[in-house]
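Some notes on the structure that comes next.
The values are calculated or read from the model by the stated rules, or taken from the named source; none is laboratory data. These figures come from a predicted structure and were not determined experimentally. Counting neighbours? That spans all protein chains shown, and the Cβs are built from the backbone with ideal geometry, glycine included.
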């Protein structure tokens with residue numbers, strides 16, 4: 001053996017190092033392939049940053065919400081549907097984050113590492129939303145900023161989502177950045193909104209009371225119209241817990257809140273799941289509601305908090321989820337609207353599975369709350385407001401330092417065979433029942449009509 | 001002895017499958033090339049007849065080579081089959097991306113093949129290998145110096161010479177001289193004087209390339225120098241010393257001329273430089289490679305071809321996108337096998353000249369492949385070197401065939417008439 005032959009080991013080592021690097025490169029390229037391929041500069045999938053090589057997005061009835069025709073991304077013909085789906089679909093220009101055309105680009109483009117990009121994606125994304133109902137809700141919001149959402153409280157499937165202000169993706173307003181009417185237009189208020197809750201928060205206080213004050217149903221409170229700083233909407237005189245909730249008596253609920261103390265209200269707030277920032281299956285991150293009280297706060301502050309008028313801010317999505325849990329025996333599934341994605345052959349490449357929202361209200365408490373909210377409607381607001389739908393709910397008229405109050409309505413159908421919960425918030429509008437309640441009523445009645453027929 | 005000498009590799013030798021396997025490989029290769037030809041031709045009616053001529057000529061030439069060297073002369077031609085396969089990919093890609101440049105690529109492959117045959121023939125004799133080393137060294141240095149003086153900057157490096165319509169990259173041809181001179185010098189006289197002379201020659205070559213700002217090629221030369229020096233001396237300390245000196249030298253140059261460093265500033269940060277020249281090519285390479293998936297989007301359907309230097313520096317990405325990542329990595333694996341086969345055969349070569357030359361050539365191929373493939377994928381800084389046999393470029397193609405000749409010459413089976421037993425001479 002020549003001495004030089006031993007030295008060949010160097011070239012063999014060089015080759016081995018190269019092989020190791022090649023294996024690392026393969027691993028890196030294969031494991032990141034999806035991320036790389038879906039970069040918005042990929043001309044196979046995007047045109048000017050718009051995902052054009054993408055399949056259809058359809059609503060629950062198969063109505064096309066977005067599709068690609070001749071290499072161009074198109075949307076539904078109805079301007080109201082286009083506007084009501086702006087936030088859900090995304091604007092494709094990066095202004096609206098979290099639109100499903102971006103977050104579900106993988107499913108829409110049908111990319112997979114084995115076959116690479118599709119020449120023309122035939123994947124469809126199927127939503128649980130009803131486009132016509134969304135458009136109706138959008139119209140009900142009218143010129144007010146706010147949001148309406150309806151979901152199946154047994155499954156978490158959203159059937160209606162609308163958020164205003166919005167715009168028609170085909171006619172983006174030119175003064176969008178200067179006109180105050182369009183302030184916050186890029187945000188879907190259902191997920192990103194935070195509002196003073198007003199009286200809807202009394203449901204949380206009531207939850208705390210049921211769980212912590214044993215004789216709450218036999219107790220009476222006295223309202224002479226004011227209690228210190230707190231002013232009531234009426235002079236209720238002697239009033240029971242149930243009637244206090246029905247008539248939204250501020251004085252009684254402030255007294256209950258003070259009696260409970262900050263800890264118990266915090267506890268109920270967390271039990272209701274309001275403290276959670278959800279990252280739901282639609283790949284949307286929601287804002288968590290905010291409650292800032294502890295034992296060092298004055299009674300007045302705790303009283304204000306108990307009636308939803310302190311520094312508390314509530315996110316509509318988290319409150320809708322809370323309503324679902326109350327309606328559904330204490331448990332709920334995170335509301336979602338992307339049902340499944342299927343490829344050309346109908347094979348599902350994505351399928352949503354209901355995710356437990358983490359809310360766990362005691363079953364007895366939930367049914368007591370359900371009856372309380374039912375009596376709000378039957379004994380106080382009036383069943384006639386909701387037509388054929390047997391509703392439970394609570395209104396809120398959140399007073400603000402300047403401007404008209406935010407109108408809230410949170411509720412659900414009492415009837416198990418029509419298992420829908422609703423949330424409606426109309427900013428700077430006025431009375432909760434008049435604005436939010438009637439908007440919620442229109443949407444729920446329309447949905448009921450569709451379901452019955 | 002007489003009977004074993006005439007052992008037939010291909011036909012008439014009982015028990016040997018080699019001939020049959022070679023024939024099958026040739027058939028598969030031809031089928032692949034016919035399919036590729038069809039795919040390219042079906043997309044280009046304008047240049048149909050011209051391209052058809054090139055493709056058909058290539059396939060016919062392959063079979064003529066197979067007939068003459070394998071069947072008539074009874075030689076192993078595995079290395080050539082690999083080179084034919086890779087060269088044909090470069091021909092198809094060039095024809096598909098820039099049809100007007102196919103002619104050059106086609107001619108370059110044939111010049112490369114002719115050079116290969118000539119070099120293998122020349123190295124048949126072990127006695128004359130040392131004869132032309134001094135004039136070759138002088139010519140190599142002269143050519144690089146000439147390039148430095150007369151070339152103009154092309155894409156940041158001063159490495160192209162234009163003679164009428166022909167443009168050549170002298171540093172590619174000097175690669176062959178560099179290996180030849182290195183192997184021949186150290187083979188002949190193991191004196192300090194000749195070693196010193198070779199060190200000066202190497203420093204000259206690497207220095208001139210550095211001055212041309214062709215850092216990728218300079219690095220390839222340097223790595224090859226290290227390989228040759230180690231194969232000759234076997235002294236790991238000297239190698240460490242040389243590398244340390246080189247690193248210090250590089251740091252010194254980079255400190256003095258910090259603008260050079262800016263060229264590599266985006267290394268490992270390419271996604272932050274997606275829209276500027278720092279990371280544009282690398283990010284597109286990764287994006288479009290991924291887009292191809294394992295099987296590719298099909299030749300002609302890619303988008304990386306629209307990016308600058310797609311068929312040269314970015315060829316790996318282009319192959320991954322259009323022909324699939326499996327093909328891309330298969331090419332890399334093929335080059336690895338080429339290098340491993342060379343280092344194995346080098347053990348049984350006729351003299352240490354062939355061992356050194358083959359190992360140096362194999363090392364050069366691997367280092368260049370590493371700089372190319374890992375450069376465009378951001379594993380290493382992007383230096384802009386070609387992928388042997390596959391990148392478009394005449395000089396690079398001819399040099400690749402020249403390097404292959406060193407691998408071939410080290411394999412004792414390449415010269416069956418010289419071998420007494422017809423078997424490998426195990427020493």
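Within the stretch B:378-408, the residues that satisfy the criterion of being within 14 Å of chain A (Cβ to nearest Cβ), over 8 Å from the mean Cα position of the chain (by Cα) and not in a loop (DSSP other than H, G, I, E, B) are B:406, B:407.
Across the stretch B:365-377, what is the total count of residues that are closer than 16 Å to residue B:282 by Cβ and more than 9 Å from chain A (Cβ to nearest Cβ)? Walk me through it before giving the result.
Restricting attention to the stretch B:365-377, the residues satisfying the condition of being closer than 16 Å to residue B:282 by Cβ are B:370-377.
Adding the requirement that they be more than 9 Å from chain A (Cβ to nearest Cβ) leaves B:371-372, B:375-376.
Total satisfying the criteria: 4.
Of all the criteria given as (1) within 12 Å of chain B (Cβ to nearest Cβ); (2) assigned to a loop (DSSP other than H, G, I, E, B); (3) without any contact (Cβ under 8 Å) to a residue 12 or more places away in the chain, the one not satisfied by residue A:62 is (1). If you go through the stretch A:1-54 and keep only what is under 22 Å from residue B:321 (Cα atoms), assigned to a helix (DSSP H, G or I), free of Cβ contacts under 8 Å to residues at least 24 places away in the same chain and facing another protein chain (nearest Cβ under 7 Å), you end up with A:19, A:21, A:22, A:25, A:26, A:29, A:36.
Total residues in the stretch A:177-197 satisfying the condition of being in a helix (DSSP H, G or I) and either at pLDDT 95 or above or within 19 Å of the chain's Cα centre (by Cα) (or both): the figure is 4. Selection over the stretch B:410-419 of residues that are in a helix (DSSP H, G or I) and either at pLDDT below 75 or over 18 Å from residue B:66 (Cα atoms) (or both) gives a count of 2.
So, of the residues in the stretch B:118-144 that are over 15 Å from residue B:409 (Cα atoms) and in contact with a helix residue (DSSP H, G or I) (Cβ under 6 Å, 6 or more places away or on another chain), which turns out to be surrounded by the most Cβ atoms within 10 Å (Cβ to Cβ)?
Step one: list which residues in the stretch B:118-144 are over 15 Å from residue B:409 (Cα atoms), which gives B:131-144.
Of the ones still in play, those that are also in contact with a helix residue (DSSP H, G or I) (Cβ under 6 Å, 6 or more places away or on another chain) are B:133, B:136-137, B:140-141, B:143-144.
On the way: B:133: 23, B:136: 17, B:137: 23, B:140: 24, B:141: 18, B:143: 19, B:144: 27.
Taking the candidates together, the pick is B:144.
Could you say which residue among B:346, B:309 is assigned to a loop (DSSP other than H, G, I, E, B), more than 21 Å from residue B:39 (Cα to Cα) and either more than 8 Å from every other protein chain (Cβ to nearest Cβ) or within 22 Å of the chain's Cα centre (by Cα) (or both)? So the residue among B:346, B:309 that is assigned to a loop (DSSP other than H, G, I, E, B), more than 21 Å from residue B:39 (Cα to Cα) and either more than 8 Å from every other protein chain (Cβ to nearest Cβ) or within 22 Å of the chain's Cα centre (by Cα) (or both) is B:309.
Which members of the stretch A:341-370 meet the condition of being surrounded by fewer than 14 Cβ atoms within 10 Å (Cβ to Cβ) and under 30 Å from residue A:211 (Cβ atoms)? Talk me through it step by step, then tell me what you get.
The first filter runs over the stretch A:341-370 and keeps only residues surrounded by fewer than 14 Cβ atoms within 10 Å (Cβ to Cβ), leaving A:344-348, A:351, A:353, A:356, A:363-364.
Correct list: A:356, A:363, A:364.
Could you check how many residues of the stretch A:65-96 are closer than 19 Å to residue A:158 by Cβ and surrounded by fewer than 20 Cβ atoms within 10 Å (Cβ to Cβ)?
Taking the stretch A:65-96 and keeping what is closer than 19 Å to residue A:158 by Cβ, we get A:65-66, A:76, A:80-90, A:96.
Narrowing the set further to residues that are surrounded by fewer than 20 Cβ atoms within 10 Å (Cβ to Cβ) leaves A:80.
Residues meeting the conditions: 1.
In the stretch B:312-326, what residues are at pLDDT 95 or above, within 18 Å of the chain's Cα centre (by Cα) and either surrounded by fewer than 24 Cβ atoms within 10 Å (Cβ to Cβ) or not in a helix (DSSP H, G or I) (or both)? Answer for the stretch B:312-326, where residues must be at pLDDT 95 or above, within 18 Å of the chain's Cα centre (by Cα) and either surrounded by fewer than 24 Cβ atoms within 10 Å (Cβ to Cβ) or not in a helix (DSSP H, G or I) (or both): just B:314. Considering every residue within the stretch A:77-87, establish whether at least one is within 14 Å of chain B (Cβ to nearest Cβ), at pLDDT 95 or above and more than 30 Å from residue B:358 (Cα to Cα). The answer is no; no qualifying residue exists.
Just a yes or no: is a residue in the stretch A:100-108 modelled with pLDDT under 95, more than 30 Å from residue A:26 (Cβ to Cβ), more than 14 Å from chain B (Cβ to nearest Cβ) and surrounded by fewer than 23 Cβ atoms within 10 Å (Cβ to Cβ)? The answer is yes; a qualifying residue exists. Looking only at residues in the stretch B:283-306 that are outside any helix (DSSP H, G or I) and in contact with a strand residue (DSSP E or B) (Cβ under 6 Å, 6 or more places away or on another chain), the one that is nearest to the other protein chains (Cβ to nearest Cβ) is B:293.
Filtering the stretch A:110-142 to residues that are free of Cβ contacts under 8 Å to residues at least 60 places away in the same chain, more than 14 Å from every other protein chain (Cβ to nearest Cβ) and out of contact with any helix residue (DSSP H, G or I) (no Cβ under 8 Å at 6 or more places or on another chain) leaves only A:142.
If you go through the stretch A:266-280 one residue at a time, do you hit one that is closer than 30 Å to residue A:53 by Cβ and not in a strand (DSSP E or B)? Checked against the condition, which is being closer than 30 Å to residue A:53 by Cβ and not in a strand (DSSP E or B), the stretch A:266-280 yields at least one hit.
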